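All remarks here apply to the structure that follows.
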Amino acid sequence: PLFDTILRRRPAPPPARAMLLALLLLCGGVRTARADADVASEEPLVARYERDGFATVPSVLDASEIAALRAHIDALEAGHAGGRFPDAQMVNLHLSDPIIWQFVAHPAVRRVAERIAGRSDLLIMAATLFAKYPAATGRVGYHQDLAYWDLDPARAFTTWLAVDVVDAEVGCVRFIPASHAHGAQAHDLEAATADNVLLSKQAIPHVADADAVCVALNPGDLSVHDGWTVHGSTPNRSPDRRRVGLVVNWIGSDVRVLASSQGYGVTAPEFRFPVAAPNATTASPVVDFAFPPQVLQVPPAAHIPGVDDPSSASECTTPTVANPAA
């Protein structure tokens, strides 16, 4: 069974490297927040999220569930050259992979999303497996998601489920507290040679790492952030540890996906294909709802993965489409 996989524990870092990491955290001016510290706080989740533009929730998935997800991701990676995802990410696998779909729309994740949104009529706009591989270059410049997602109204948020241990060494996501309250901020395009993995090397200038909070997570912990919250990350400086997160972008059912304006020169392949997931209060603990999910909106001029763009389909199956002209 899927969730009977035995948890494979990764070895603790060598003492010298652990000491070095501690010194970096103490001396580097980087604030670190842990999900288990958040649960000890008396401040409610929604209040923390509304104040800071991000929050964390510990142990959203248990060890056996995360072990099953990690084993599946390991198998997916093994099918690619060098055992690594191309461009260190895989986008919208939930449309064609039933195991990924189970975790993207997992009731425990959905319950957090509904608490944050204060509503149950939520859609999953997209989902991505993001990887940072050991000893790799590539920072993620400080940016705002909604700056180039082209939504009407411009409202969205993201849940980030830790599959591996996430800390400063492997490149935790760093958030600027309360930055969501200032709305859209101008992004600059950095030089073509800049160490920035964002597609157009866009970044908000003059953001200091010292102002950011590095969110450390254990496998199964979840962070959530607003679409206007400024965030980024450093490269993975570990010689041997991977960092993988399952990231889900959520919108309300009233939000429309517009034609891409290619804001800040972003010309990524279309990724915004909203689908519905069962209400968290009615879904069973083991997700058993219909697969594949129905695509409810198709952006103008977009090609639907596995439907009218067969080359992008996985070997599993293809998604169904409801009202593809919407």
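In what sequence, highest mean first, do 144-151, 58-65, 181-188, 79-86 appear when ranked by Cβ atoms within 10 angstrom?
Numbers: 144-151: 20.6, 58-65: 17.9, 181-188: 13.2, 79-86: 11.1.
The packing order, highest mean first, is 144-151, 58-65, 181-188, 79-86.
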Overall dimensions of segment 66-177 by Cα: Rg and Dmax, Å: 15.3, 43
Per residue of segment 102-110, what does 6.51 cos²θ - 1.76 cosθ + 1.60 with θ = phi - 60° give for ³J(HN,Hα)? Whole Hz please, x for Gly and Pro, Karplus curve as stated. 4, 7, 4, 9, 4, x, 5, 5, 4
Going highest first, how would you order 216-227, 104-115 by mean Cβ packing within 10 Å? 216-227, 104-115
Carbon + sulfur, % of accessible area of segment 32-161 - ligands and nucleic acids excluded, 1.4 Å: 53 percent
The ³J(HN,Hα) series, computed from each phi in segment 185-193 with the Karplus coefficients 6.51, -1.76 and 1.60 at θ = phi - 60°, rounded to the nearest Hz and given as x for glycine or proline, is 10, 5, 10, 9, 9, 6, 4, 4, 8
Using a 7 Å offset from the Cα along the Cα-to-Cβ direction at both Ala210 and Asp195, what is the distance between the two label points in nm, to one decimal? 2.1 nm
Taking R0 as 35 Å, what's the FRET efficiency between Gln294 and His182 from their Cβ-Cβ distance, rounded to 0.05? 0.45
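The values are calculated or read from the model by the stated rules, or taken from the named source; none is laboratory data. These numbers come from a predicted model, not from an experiment. Cβ: placed from backbone, ideal geometry, glycine included. Neighbour counts: every protein chain shown. For the accessible areas, the whole protein counts, side chains as well, though only heavy atoms, and no ligand, DNA or RNA atoms are used. Shrake-Rupley method; radii C 1.70, N 1.55, O 1.52, S 1.80 Å.
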